[in-house]
Amino acid sequence: MVQMTMAKALNEGLRAAMEHDPKVLLMGEDIGKLGGVFRVTDGLQKDFGEDRVFDTPLAESGIVGTAIGLAMRGYRPVCEIQFDGFVYPAYDQIVSQLAKMHARSRGLVKMPVVIRIPFGGGIGAVEHHSESPEAYFAHTAGLKVMACSNPVDAHTMIQQAIALDDPVIFFEPKRRYWEKAEVDPTTEPFPLEQARVVLPGDDLTLIAYGPMVKTCLDAASAAREEGRSLEVVDLRSLSPLDFPTVFASVRKTRRAVVVHEASSFVGLGAEVAARLSEELYFEMEAPVLRVTGYDVPYPASRVEEDFLPDLDRVLHAVDRSLAF
Amino acid sequence: MTPIATPLVQLLTPEGERVHHPDYDVDLTDEQYRDLYRDLVLVRRIDVEATALQRQGELGLWAALLGQEAAQVGSGRALMPQDFAFPTYREHGVAWCRDVDPVHLLSLFRGTSHGAWDPNDKRFALYTIVIGSQTLHATGYAMGVVKDGAVGDATTGEAVIAYFGDGASSQGDVNEAFVWASAYNAPIVFFCQNNQWGISTPTSTQSRIPLYKRAEGFGFPGVRVDGNDVLASYAVTRAALDHARTGQGPTLVEAFTYRMGAHTTSDDPTRYRLSSELEAWKLKDPLERMRSFLFKQQLADASYLEKVEAESDELAARIRKACLEMPDPPPSVMFDQVYAEMTPPLREQAAQFAAYHAGFTSEGAH
């Protein structure tokens, strides 16, 4: 059992995946000698060689497009997209090519490609470095979309994602890269595509993923001081989404608030709310509420704290829900 | 602008005269020459039949290769069995060379399947509709060939060929593929069929220099070949593939040809180009010149031509019959291969669909 940051946990997870399967390759911008701008691949090129950990030219469509070809050749490429806002040049390759290849080849061509994307805001970055593009990918059939929220999950989920024969968009909450936790590599991993109740409670369910899980846990401890027992569900897998776990929690608490950094309109929260209303219409005491980024371009960093959901906004929504 | 005199590799004049080139040559047996002619005829016949099937409502669409047979058969026959080809949606002639059943091409355009052949078995990827995307797949695949240590040997080394057109040459993906192939010295041939038109857009809108010259800026050789000359297309592609398989990196081949038909059966070229242009290119027809060559060299006689013609009619009849008999897939297959293993939400949706469908069936039974 070792204390490590999420960045280090991902690094260790990648290392384990590479040791486990010689077909695993890491590719992306500045991931070799530099170790990636967040140092997630630190030291891996030195240990596994330039054939398996390689820097690419600076063009995201090229990264994903060639990863598709490498997968066709039998490799398991793990691509790093340097920042969330830089993934869009690769959009055609991801949604039209990567996502559809298995279906259009009737399962004859597997696409074990993982695309790692540091996502979300809160680090005072310049524009295009703080976005939450997960809904675009969750909307696309053929992709799996994951978001880790803590070092323990980061360590296991990246290995599980690499082992899948389907393409995975793997979101890493960049503002949590430096959060530490005890990581025990010998622990039995939690199933990749399952949501997890990270804090049990009775009065209301907070549903979150990625960076907002910690925000929700903080909100739940603040609420506890006011005598409110909040349950927190970490979705972990955004596609497929583990509705049974969400339904079980809300069936118990009868109230739900979905929290994400991405804009609300047609976001993950809308899907969760719609499904909850289809499934638990008569059992819920309040409509599903959402706490999200606003429907605006990600703002300049001096005002990002006003854009991002925080503890107070979460508690405000909790109050509104409980007032129904 | 003054037209730039552009060198064009040619081994067969439009009149079917065998000419020589200092860098490229073929030394085929009589039978191989005849086989190339046979390929051209059969491929054109497939194309003509498919166009007719579309006109009769049996295909939703067809992208004709009329006029491009030599570029495709020449390059397709230059491939060694271990090579891998990445086509656009018009490479019916290359598909033929890779032993893909033409009926499987029809299924895409009839709408029964997005990909009916096994790309791994045929070493021929599925058709790619989005212009240029496949050039990156080909480059990545070629990078994998290098990682596998499968380059270097002139007979067992593997090479990759990426097909695209003059229109796609403007795409970012094609240019990125050039950058990647160059950076990793990938064993790949970029085979651009410049058929002069991207639907209604002439090549002059895509480039102010001959396309093959783009290669120089990316750091690898480029060559323009007469794409209506099957021998030159074969020779140039074979040389470029050998260059790749022996570890010397990428080549851009620009096959200078002409799309004699419409872009697809939905297109009307009379709106944007002069019939005189088509008439001029008809004089360079790839089949005619190969037939003249065979006659001039006394490699074939009228009875041989009749035999090939009869074979092409049989082939056309076979694919027509297979097309008409092609069953629609059961609708539930749309759920089957979205993921390697069906996800729980999709399983639920598939079950809802099945129940909904079954409702109609049982009503119908009353």
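Values quoted throughout were computed directly from the atomic coordinates according to the rules given, and no laboratory measurement underlies them. Because the structure is a prediction, the values reported are computed rather than measured. All Cβ positions, glycine included, derive from the backbone under ideal geometry; neighbour counts span all protein chains shown.
Counting only Cβ charges, +1 for Lys and Arg and -1 for Asp and Glu, the dipole size of segment A:84-202 around its Cα centre is about 420 debye.
When only alpha carbons are used to place a centre, segment A:59-104 and segment B:54-128 end up 24 Å from one another. So, in Å, what gap is there between the alpha-carbon centers of segment A:271-291 and segment A:20-42? One Cα centre to the other: 41 Å. Backbone N atoms of segment B:82-109 closer than 18 Å to the 7 Å Cα→Cβ label point of B:Ile129 belong to residues B:87-92, B:104-109. Normalised by 2.2 N^0.38 Å, where N counts its residues, the alpha-carbon radius of gyration of chain B equals 1.05. Taking the Kirkwood radius as Rh and the Cα radius of gyration as Rg, segment B:149-221 has a ratio of Rg/Rh equal to 1.03.
Near the amide H of A:Arg76, within less than 5 Å, lie the amide hydrogens of A:Val24, A:Leu25, all on another chain or at least 5 residues away, with H placed in the peptide plane. Extension gain for the segment A:His20 to A:Lys180, taken as residue separation times 0.36 nm less the Cα-Cα distance, is 55.1 nm to one decimal.
The slack in the chain from B:Thr246 to B:Ala310, taken as 0.36 nm per residue of separation less the alpha-carbon distance, amounts to 18.9 nm. Suppose R0 equals 22 Å. What FRET efficiency, 1/(1 + (r/R0)^6) with r the Cβ-Cβ distance, do B:Glu348 and A:Ala270 give to the nearest 0.05? FRET efficiency, B:Glu348 to A:Ala270: 0.70. For segment B:267-318, the set of trypsin sites (Lys or Arg not before Pro) satisfying both a DSSP loop assignment and a count of at most 15 other C-beta atoms within 10 Å is given as B:Arg273.
Considering only alpha-carbon pairs that sit under 8 angstrom and 6 or more positions apart, the relative contact order computed for chain A is 16 percent. The residue among B:Cys97, B:Thr112, B:Val48 whose Cα reaches farthest toward the positive pole of the charge dipole of the protein assembly as shown, with charges on the beta-carbon of Lys, Arg, Asp and Glu, is B:Val48. Of all beta bridges that DSSP places with both ends in chain B, some 10 percent have antiparallel geometry. Averaged over peptide A:49-62, the number of partner chain Cβ atoms lying within 10 Å of each residue's Cβ comes to 4. Between A:Asp55 and A:Gly32, the built amide H atoms are under 5 Å apart, and every one of these is 5 or more places off in sequence or on another chain. Taking the DSSP bridge list for the protein assembly as shown and keeping only pairs wholly inside it, about 20 percent are antiparallel. Based on C-alpha pairs under 8 angstrom that are at least 6 apart in sequence, chain B has a relative contact order of 24 percent.
Other residues within the sphere of radius under 15 Å centred on the Cβ of B:Gly115, judged by their own Cβ, net out at +3 (K and R +1, D and E -1).
Within the shell defined by Cβ-Cβ distances under 11 Å, the residues around A:Pro191 carry a net charge of -1, with Lys and Arg each +1 and Asp and Glu each -1.
Quick check: net charge around A:Ser264, other residues with Cβ under 10 Å of its Cβ, Lys/Arg +1 and Asp/Glu -1? After counting each charged neighbour, the total is 0. Computed about its Cα centre, the charge dipole of segment B:259-366 is approximately 480 debye, with only Lys, Arg, Asp and Glu carrying charge at their Cβ.
Among beta bridges identified by DSSP and lying wholly in chain A, the antiparallel ones come to about 20 percent.
Put a dot 7 Å past the Cα of A:Ala141, heading toward its Cβ, do the same for B:Asp23, and the two dots end up 4.8 nm apart. Determine which residues of segment A:102-133 fall in the zone a paramagnetic label at B:Asp99 would reach in this model, i.e. backbone nitrogen under 17 Å from the point 7 Å along Cα→Cβ. Flagged as within label range: none. Diffusion of segment B:248-366 by Stokes-Einstein, at 25 °C in a medium of 0.890 mPa s and with Rh set to the Kirkwood radius over alpha-carbon pairs, works out to 115 µm²/s.
Can you work out the FRET efficiency for the pair A:Leu34 and B:Phe295, with r the C-beta to C-beta distance and R0 = 60 Å, to the nearest 0.05? The computed FRET efficiency comes out at 0.40. Here A:Lys33 is the anchor, and the lysines within straight C-alpha reach of less than 18 Å, apart from those fewer than 8 places off in the same chain, are A:Lys8, A:Lys46. Subtracting the Cα-Cα distance of B:Ala322 and B:Thr264 from their residue separation scaled by 0.36 nm leaves 18.7 nm.
Legend: residue pairs A:Lys174/A:Lys252; A:Lys100/B:Lys122; A:Lys23/A:Lys110; A:Lys110/A:Lys144; A:Lys23/A:Lys180; B:Lys122/B:Lys284, Cα-Cα distance threshold 24 Å; pairs beyond threshold, A:Lys174/A:Lys252; A:Lys23/A:Lys180; B:Lys122/B:Lys284. Largest GNM mean-square fluctuation across A:Gly13, A:Gly28, A:Gly122, computed for chain A with C-alpha springs under 10 Å, falls on A:Gly122. In terms of overall dimensions, the C-alpha atoms belonging to chain A reach 59, 42, 41 Å along their principal axes, ordered largest to smallest.
With the biggest extent put first, the Cα atoms of segment A:1-160 measure 44, 36, 31 Å across the principal axes. Using only side-chain charges placed at the Cβ, +1 for Lys and Arg and -1 for Asp and Glu, the dipole size of the protein assembly as shown relative to its Cα centre rounds to 520 debye. The largest-to-smallest principal axis extents of the Cα set in segment A:96-163 are 45, 28, 15 Å.
What the Cα atoms of segment B:292-342 give is an Rg and a Dmax of 21.5, 61 Å. The phi torsions of segment A:53-67, fed into the Karplus equation with coefficients 6.51, -1.76 and 1.60 and a -60° offset, translate into couplings of 10, 9, 6, 10, x, 8, 7, 5, 4, x, 4, 6, x, 6, 4 Hz, rounded to whole numbers, with Gly and Pro shown as x. Just to verify a number: FRET efficiency for B:Ser332 and B:Asp118, C-beta to C-beta distance, R0 = 25 Å, to 0.05? Working from the Cβ atoms, E equals 0.70. Annotation for segment A:235-270 versus segment B:222-254: alpha-carbon center distance of 55 Å.
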